[in-house]
Amino acid sequence: MLRRIVIQTAIWFVFQAVILLGAAGDWTWPQGWTYLGEVLVLTSATTFGLMKTDPELLKARMSSPLKRNQRPKDRSIMMVFFAAYVGWFVLIGLDHRFMWTGTPLLVEILGAALIGAGLVLVWETFRANTFATTQVRVQTERAQTVVDSGPYRYIRHPMYAGMALFVIGTALMLGSLWALAATVLLFVLLALRTLGEEQVLKQDLAGYADYMTKTPWRIVPGVW
């Protein structure tokens with residue numbers, strides 16, 4: 001598994017570097033490399049933490065989010081989300097290349113902090129929920145149950161909340177106000193997947209409807 005982790009991490013790092021720095025036309029962009037380094041360190045820490053505490057979840061998370069038996073609607077949302085995410089990343093690079101917008105240093109630091117907070121929230125999600133795989137389905141083969149501990153005490157989808165903090169932080173850290181505005185599209189897609197996931201869980205997972213009543217907020221407490 002370690003070999004697979006190293007290979008997948010290296011491929012994803014190179015892919016992001018090529019997209020971001022290639023679109024920026026600047027292979028010496030300090031903020032770009034700092035961002036890539038921060039994400040690499042934090043995601044690697046999460047990966048190795050899971051390897052130690054929950055290797056089954058890690059194995060599931062390393063598999064493709066697109067499966068043959070996946071629900072068609074969820075497959076479509078994930079494909080559109082991935083395409084939108086890549087396009088959003090390109091937009092950040094182009095914003096740097098053509099200097100359309102920018103952010104001051106303190107905002108970039110705030111962005112880096114939001115990235116860290118988002119990935120920490122994702123880690124706390126994994127710690128609390130061993131069923132947090134990449135697919136929307138009830139894992140009957142693992143006797144899946146409702147999780148209401150950790151961050152699930154406050155919101156029903158803490159991993160998506162962490163992703164929201166991550167993308168906002170990315171736009172700020174890399175100085176792209178256009179990308180910050182474009183996060184709305186990513187949030188809409190996350191919201192669609194959230195609603196689809198809840199429909200499946202409410203229908204197929206015993207006790208989830210009661211959990212929804214007890215924990216009314218999906219991603220942002222007091223808002224939605």
Any chance Thr46 is over 30 Å from Thr213 (Cα atoms), outside any helix (DSSP H, G or I) and at pLDDT 95 or above: no
Qualifying residue in region 200-217 (condition: within 16 Å of the chain's Cα centre (by Cα) and either crowded, with 20+ Cβ neighbours inside 10 Å or under 27 Å from Met62 (Cβ atoms) (or both)): no
Residue, nearest to His96 (Cα to Cα), within region 174-215, restricted to residues that are polar (S, T, N, Q) and free of Cβ contacts under 8 Å to residues at least 24 places away in the same chain: Gln199
Residues of region 129-186 satisfying the condition of being touching a Pro at 6+ places or on another chain (Cβ under 6 Å) and at pLDDT below 95: Thr134
Restricting region 49-70 to residues that are buried (at least 16 other Cβ atoms within 10 Å of the Cβ) and at pLDDT 90 or above, the residue that is farthest from Val167 (Cα to Cα): Asp54
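Is one or more of the residues making up region 4-14 in contact with a Lys or Arg (Cβ under 8 Å, 6 or more places away or on another chain) and in a helix (DSSP H, G or I)?
no
Among the residues of region 113-122 satisfying the criterion of being of a type outside the set (Val, Ile, Thr) and surrounded by 18 or more Cβ atoms within 10 Å (Cβ to Cβ), which is nearest to Thr145 (Cα to Cα)?
It comes out as Leu121.
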Residues within region 24-44 that are surrounded by fewer than 18 Cβ atoms within 10 Å (Cβ to Cβ) and either farther than 23 Å from Leu121 by Cβ or β-branched (Val, Ile, Thr) (or both), tallied: 9
Residue count for region 150-170, restricted to those that are among the basic types (Lys, Arg) and buried (at least 20 other Cβ atoms within 10 Å of the Cβ): 1
Exclusive hit being in contact (Cβ under 8 Å) with a residue 60 or more places away in the chain, under 21 Å from Gly196 (Cβ atoms), of a type in the set (Ser, Thr, Tyr) and surrounded by 18 or more Cβ atoms within 10 Å (Cβ to Cβ), set Thr125, Thr103, Thr133: Thr133
Condition check for Arg193: charged (D, E, K, R), at pLDDT 95 or above, in contact with a Phe, Trp or Tyr (Cβ under 8 Å, 6 or more places away or on another chain) and within 27 Å of Leu50 (Cβ to Cβ): no
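Here are Trp12, Trp27: which of them is of a type in the set (Phe, Trp, Tyr) and over 22 Å from Gly118 (Cβ atoms)?
Matching residue, one of Trp12, Trp27: Trp27.
The values are calculated or read from the model by the stated rules, or taken from the named source; none is laboratory data. Everything quoted here is computed from the prediction, not taken from an experiment. All Cβ positions, glycine included, derive from the backbone under ideal geometry; neighbour counts span all protein chains shown.
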